[in-house]
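What follows is a set of notes on a single structure, which appears directly below.
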Ligand SMILES: NC(=O)c1ccc[n+]([C@@H]2O[C@H](COP(=O)([O-])OP(=O)(O)OC[C@H]3O[C@@H](n4cnc5c(N)ncnc54)[C@H](OP(=O)(O)O)[C@@H]3O)[C@@H](O)[C@H]2O)c1
């Protein structure tokens, strides 16, 4: 495994981040607790130390599964990222980026993860109803209180991200250190505005769906052959626009020529972009390599930021009262999950 520095944070992460969106019972194609645990263990075995989840993934189940597995490992060695913005479990107040939502959802995420601090807390999208200044102040307070180490953002217009960075600089608040956006061989729109902005601002980039949610892992006519592929076609992501089919065919040719899988070719393309660290999803483990002796990439961004008062690196153990609350809530949730699976 190769490691690199995440944007201007100074924090070292594996170049591959394990995306945990596929953990839980939100859709048929997702992995249950056992499947998720197996994947996380395999990832750690291969040297991955960077995990991405969100409060909304299977209404918090993903965070619970990830937190449970990581509890068996040295928390200090892991970098955990989660997100806030979308509605969880039909609860109106869990949606958006107001101070109320951020404070409540942060506590809920910490509780489900069984941790005292989240390494990277990301806003999942822009909130058109809350002034960005309020969101940034709430996030800044979370950092001051030691609940969050760094903040990040995900998929928005570049002008919005620029406004957020400018506002935090103007007010002396924590600025977003990462951008998690859709970027892969079949979707390169981000090269126009967002990626140059991130490069200029020293923001770390963590592309989501690095293999186009499966589109870049098999011939395009077979994309819908899996349960996930069928689901993704319904979501309507623009993989086929702007020459996606031709790109897919070229990946097929290259994979055959080099005796690799299409997934390997697609990931390799991203890994050769200096600004990116792909978040891989389920099944990506077949493309990973066992860690060699810790080799650190030289792609550190020249732009470094000074960090004030970061919280203790060892303050991330689940407290007994938190564990107790989680168990109690699990007891309540058990029925709900089972009901959903049965439906
Ligand atoms: N910030 C956001 O808004 C956002 C949005 C989406 C995702 N994410 C993050 O990004 C992570 C990854 O997203 P993703 O799952 O869409 O990424 P992806 O890696 O592009 O797609 C994963 C899918 O590709 C197929 N696949 C993966 N590895 C394969 C292999 N080796 N061989 C063949 N097929 C393979 C599987 O689909 P089949 O079963 O169909 O083959 C799998 O479900 C998520 O877990 C989440 O953390 C963030």
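Within segment 202-212, if we keep just the residues that are within 7 Å of the ligand (Cβ to nearest atom) and not in a helix (DSSP H, G or I), the residue that is surrounded by the fewest Cβ atoms within 10 Å (Cβ to Cβ) turns out to be 208.
You will find that of 199, 174, 241, the residue that is touching a residue at least 24 places away in the same chain (Cβ under 8 Å), away from the ligand (no atom under 14 Å from the Cβ) and part of a loop (DSSP other than H, G, I, E, B) is 174 and no other. Determine whether residue 13 is closer than 18 Å to residue 267 by Cα and either in a strand (DSSP E or B) or within 15 Å of the ligand (Cβ to nearest atom) (or both). Yes; evaluated as a whole, the condition is true for this residue. If a residue must be within 15 Å of the ligand (Cβ to nearest atom) and either closer than 15 Å to residue 187 by Cβ or buried (at least 17 other Cβ atoms within 10 Å of the Cβ) (or both), how many such residues does segment 244-257 contain? The number of residues fulfilling the criteria is 5. Going by what's in this entry, would residue 260 be described as more than 10 Å from the ligand (Cβ to nearest atom), modelled with pLDDT of 90 or more and either outside any helix (DSSP H, G or I) or closer than 21 Å to residue 29 by Cα (or both)? Yes: the conditions hold for residue 260.
Among the residues of segment 218-236, those that are in contact (Cβ under 8 Å) with a residue 60 or more places away in the chain, surrounded by 15 or more Cβ atoms within 10 Å (Cβ to Cβ) and assigned to a helix (DSSP H, G or I) comprise 228, 231.
Only one entry in 215, 239, 183 is under 30 Å from residue 148 (Cα atoms) and buried (at least 16 other Cβ atoms within 10 Å of the Cβ), namely 183.
Looking only at residues in segment 46-61 that are part of a loop (DSSP other than H, G, I, E, B) and within 14 Å of the ligand (Cβ to nearest atom), which one is farthest from residue 178 (Cα to Cα)? If we take residues in segment 46-61 being part of a loop (DSSP other than H, G, I, E, B) and within 14 Å of the ligand (Cβ to nearest atom), then 46 is farthest from residue 178 (Cα to Cα). The residue pairs whose first member lies in segment 31-45 and is assigned to a helix (DSSP H, G or I), whose second member is modelled with pLDDT of 95 or more, and whose beta carbons are closer than 6 Å, counting only pairs six or more residues apart or on different chains, are 33/65; 36/23; 36/65; 37/69; 40/69; 43/18. Mind checking which residues of segment 114-126 are crowded, with 19+ Cβ neighbours inside 10 Å and within 14 Å of the ligand (Cβ to nearest atom)? Hits for segment 114-126 are 120, 121, 122, 123, 124, 126. Screening residue 162 on (1) touching a strand residue (DSSP E or B) at 6+ places or on another chain (Cβ under 8 Å); (2) closer than 22 Å to residue 191 by Cβ; (3) in a helix (DSSP H, G or I) shows it passes everything except condition (1). In summary, residue 28 fulfils each of the numbered conditions (1) assigned to a loop (DSSP other than H, G, I, E, B); (2) without any contact (Cβ under 8 Å) to a residue 60 or more places away in the chain with the single exception of condition (2). Note on segment 183-196: residues that are within 14 Å of residue 156 (Cα to Cα) and away from the ligand (no atom under 14 Å from the Cβ) total 5. Give me the residue from segment 16-39 that is more than 12 Å from the ligand (Cβ to nearest atom) and buried (at least 17 other Cβ atoms within 10 Å of the Cβ) and, out of that set, nearest to residue 72 (Cα to Cα). Of everything passing the filter in segment 16-39, 37 is nearest to residue 72 (Cα to Cα). The residues of segment 123-144 that are within 17 Å of residue 164 (Cα to Cα) and touching a residue at least 60 places away in the same chain (Cβ under 8 Å) amount to a single one, 124.
The values are calculated or read from the model by the stated rules, or taken from the named source; none is laboratory data. All values derive from a computational prediction rather than experimental measurement. Backbone-built Cβ (ideal geometry, glycine too); neighbour counts: all protein chains shown.
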